[in-house]
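Data block below; observations after.
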């Protein structure tokens, strides 16, 4: 019985760790909050029911992608779309996130900036937000690409530990 409780608490902590990541994945791709919550729950259920997982990072995203594919395929194909009522600027409408999500992102950015040196913050920003390669960042900051990768890895590890509370709310 004690072993069952131990497994249950481990699963709950893992659930909390993965929930925000998987929710964000679906949130950016599905327009219904209830569908996002359902897809997140089903994905995490399938993930945690797997045993002997060698690569949890790879497995969770394969499951999430498959759930999203199944969700899209299950949508009715005979829906009619009226182009008369579409917003004028469709791109800006698709980039709208909830206020809570935007607040959490801003707090996370502040936490990262506060806890990293200026050069390390620049590396994180250029590599993650701007999606530049280590070679491009190395040229901009007058460093070697290997040094950029090492600083990025160390910086991400540091802010992952420090700023986790900010993201989890």
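Residues are listed down the side, and each one gets a yes or a no for (1) in contact with a helix residue (DSSP H, G or I) (Cβ under 8 Å, 6 or more places away or on another chain); (2) at pLDDT below 85; (3) under 23 Å from residue 105 (Cβ atoms); (4) surrounded by 12 or more Cβ atoms within 10 Å (Cβ to Cβ):
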| position | (1), (2), (3), (4) |
| --- | --- |
| 18 | yes, yes, yes, yes |
| 23 | yes, no, yes, yes |
| 26 | yes, no, yes, yes |
| 30 | yes, no, yes, yes |
| 36 | yes, no, yes, yes |
| 49 | no, yes, no, no |
Boolean, residue 86 is part of a loop (DSSP other than H, G, I, E, B) and either at pLDDT below 85 or surrounded by 10 or more Cβ atoms within 10 Å (Cβ to Cβ) (or both): yes
Single unsatisfied condition, residue 131 versus (1) part of a helix (DSSP H, G or I); (2) loosely packed, with under 14 Cβ neighbours inside 10 Å: (1)
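The values are calculated or read from the model by the stated rules, or taken from the named source; none is laboratory data. Please read these numbers as outputs of a predicted model, since none were measured by experiment. Cβ sites come from the backbone with ideal geometry, for glycine too, and all protein chains shown count toward neighbours.
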